[in-house]
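A short write-up of the structure that comes next.
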Amino acid sequence: MKRIKRVEEKFYIGLSAFMTYSLIAVLAFIILVIFVKGFGALSWDMVIKVPKGGYYYGGEGGVLNAIAGSLYIALGATLIAIVIGMPAALYLNVHLIRYRRTQNTIRYFLDALWGIPSIVYGAFGFTLMLFFGMNASLLAGIITVALLISPIMVRTFDEVLSTIPKGLHEASLALGSTRSETAFRVIFKQGFSGFITAILLSFGRGIGDAASVLFTAGYTDNIPVNLDEPAATLPLAIFFQLGSPIPEVRDRAYASAIILTVIILSISLGARFLSKRYSKTNLK
Amino acid sequence: MQFKRQIADRLNGSWMIISLSTILVLPLVIGVGLYIKAAPLLEDVSLFSLIFSSEWAPSAGEFGFRPFIAGSVHVTLLSFLFTAPVCLLAAIYLTQFSTRTLVKIMHPVIDVLAGLPSVIYGVWGILIIVPLVAGIAAFFGTASSGYSVLSGGIVLAVMCIPYTLNMLIEVFNTVPSGLKEASLSLGATRWEAVKHVVIRGNYPGIISAFGLGIAKAFGETIAVMMVVGNVVKVPGSPFDAAYPLPALIANNYGEMLSIPMYDSALMFAALLLLMIILFINLFFRYLIHKTKRQ
């Protein structure tokens, strides 16, 4: 009896350890595959040139149009998300601090909003675009992605804000500051590391998301100059190039995948580093 | 001076509350917007026949969503079969048995896995999983291109693991250590303590994490679309190609304005997706919020 128990324990602990380590292996495997496959076609031309004529038949050029488009869209969307997400999270944690129930209900809805898939935002962005008579453009892409990342921004920032001790909040009010002064000058500063994490997380999501910009941002070989011009995005560039029957073009899709992966990895690592750095000076 | 501060407080206050309400009414606005677009189709055809008919011929005005719904369900359930055991065991290991160093290493690993764009998973799926599945199919004596339900399920599973795992870890971290210690002191092995205290005591949390993982898998678009084959047919085996709902929307936006009612049909698909996922999310999130309060 005792031996069976021991064997069972050994088996399950071993199995669960294996599962855990295999996750590390899977991540390493994915990144390795992308790098090995795309390294041959990766060159400076890919990063600093827009597609020249015949690019999609194996001609010269790069995917700068898509890199720039993705950065523009993610940047614009993050700015909009900051403008509506940051005050929303502060309101939740300053003005509503005494209403536990309301806070929880709002968090509940925000969590549910986070789950809505990006293709639905894309379809909605498209109907919005038709409604206002716009064409697929940088602006439409920015608005759609902003809607997609706002709940993420609020919830990530809120997660850090909600750990701030109530005493800090009370001390600030006791010194005679108004509630919005408390929010922007005390609570915001204390939760600054969470703000940075929220920005970088939303930005990464904005760069990597393909389904929401598929309908709304369009595709072009040029770098957009105005908001009403269509914009290419990196995930879509990978997707379209991968569909090509020409091997050189497919190789460039893999190279573009390396570029995207590197961008996402540096954002993710940057978020870790910055959030550690800015939470050092927090009041405990 | 006092007056100025009060004005600033008012302005900031309204800015804050307007932003928060904007975000909170968003799902409602999305739902209404999609419904208005889908309404012409719903007036023409009954909801029942839209969902259960298998006739799909947009140019003839036949819109039956059954193949797409079936495709989505098959791919999602298959991915769940892979995700569930891996996440459950890994979450148990990370919260109960693992060293601190490993937890420290796993945090960024999970973050990066969750942050990788779906198109990267798609590329990986095409390069590795599709040939692998074709090989497995050949081993079982069926011909398959590899672009199939099984490939979609595997790629989806890898994408959903970090999401489900994070939630499970959160659930298991709330188990009071006293309970576990009590069971250990009564002579249970470590695994028995986990089995009876950690798992059994957290059924609602575990089920919710799985449910939310399923909802996430259901709405995933690009990665699945790249490996699943996209053939309009109710899939009969894991090696058959399928055509999930999100892929339908993403693949046909280009031509939807040239065929009458086609745009309505696609917006109906988006609405259906929104409803299903929002419902699952609200239900399981409620379960989590309720257990958290206890």
Okay, helices (runs of 4 or more DSSP H) sitting entirely in region B:115-200 with 2 or more residues that are open to solvent by 40 Å² or more (accessible area, probe 1.4 Å) and away from chain A (no Cβ under 14 Å), I get B:130-139, B:177-185
message: Going residue by residue through region A:136-159, is there one that turns out to be over 24 Å from the mean Cα position of the chain (by Cα) and surrounded by 24 or more Cβ atoms within 10 Å (Cβ to Cβ)?
response: no
Of the residues in region A:51-73 that are over 24 Å from the mean Cα position of the chain (by Cα), assigned to a helix (DSSP H, G or I) and surrounded by fewer than 18 Cβ atoms within 10 Å (Cβ to Cβ), the one that is nearest to the other protein chains (Cβ to nearest Cβ) is A:56
Residues in region B:1-58 that are of a type in the set (Phe, Trp, Tyr), surrounded by 15 or more Cβ atoms within 10 Å (Cβ to Cβ) and touching a residue at least 12 places away in the same chain (Cβ under 8 Å) total 2
Residue check for residue A:23: at the interface with another protein chain (Cβ under 8 Å from one of its Cβ atoms) and under 30 Å from residue A:255 (Cβ atoms)
yes
Checking A:60, A:8 in turn, the sole residue that is over 30 Å from residue A:190 (Cβ atoms) and touching a Lys or Arg at 6+ places or on another chain (Cβ under 8 Å) turns out to be A:60
Condition set over 21 Å from residue A:275 (Cβ atoms) and at pLDDT below 90, scope region A:174-195, selection surrounded by the fewest Cβ atoms within 10 Å (Cβ to Cβ): answer is A:176
Within region B:208-224, residues within 10 Å of chain A (Cβ to nearest Cβ), assigned to a helix (DSSP H, G or I) and either open to solvent by 10 Å² or more (accessible area, probe 1.4 Å) or among the aromatic types (Phe, Trp, Tyr) (or both) come out as B:216, B:218
Exercise. Do we have residue A:225 as in a loop (DSSP other than H, G, I, E, B), closer than 22 Å to residue A:79 by Cα and either at pLDDT 90 or above or more than 9 Å from chain B (Cβ to nearest Cβ) (or both) here?
Worked result: yes
Legend entry - residue A:202 being assigned by TED's automatic domain parsing to the domain that holds residue A:99 and within 25 Å of residue A:65 (Cβ to Cβ): yes
Only unsatisfied item for residue A:176, checking (1) out of contact with any helix residue (DSSP H, G or I) (no Cβ under 9 Å at 6 or more places or on another chain); (2) in a helix (DSSP H, G or I), is (2)
Considering region A:17-50, residues that are more than 13 Å from residue A:233 (Cα to Cα) and part of a loop (DSSP other than H, G, I, E, B), and then whichever is least open to solvent (accessible area, probe 1.4 Å), we arrive at A:41
Scanning region B:101-114 for residues that are open to solvent by 20 Å² or more (accessible area, probe 1.4 Å) and without any contact (Cβ under 8 Å) to a residue 40 or more places away in the chain, the one nearest to residue B:165 (Cα to Cα) turns out to be B:107
When (1) touching a Gly at 6+ places or on another chain (Cβ under 7 Å); (2) open to solvent by 10 Å² or more (accessible area, probe 1.4 Å); (3) not aromatic (Phe, Trp, Tyr) are applied to residue B:227, the one that fails is (2)
- Query: Do the conditions hold for residue A:203, that is, is it of a type in the set (A, V, I, L, M, F, W, C), open to solvent by 40 Å² or more (accessible area, probe 1.4 Å) and within 30 Å of residue A:94 (Cβ to Cβ)?
  - Reply: no
Within region A:74-98, residues being modelled with pLDDT of 90 or more and open to solvent by 50 Å² or more (accessible area, probe 1.4 Å) number 4
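The values are calculated or read from the model by the stated rules, or taken from the named source; none is laboratory data. Owing to the predicted nature of the structure, the values given are computational and were not obtained by experimental measurement. Cβ atoms come from the backbone with ideal geometry, glycine included; neighbour counts cover every protein chain shown. Side chains are part of the model used for accessible areas, which takes the heavy atoms of the whole protein and leaves out ligands, DNA and RNA. Shrake-Rupley method; radii C 1.70, N 1.55, O 1.52, S 1.80 Å.
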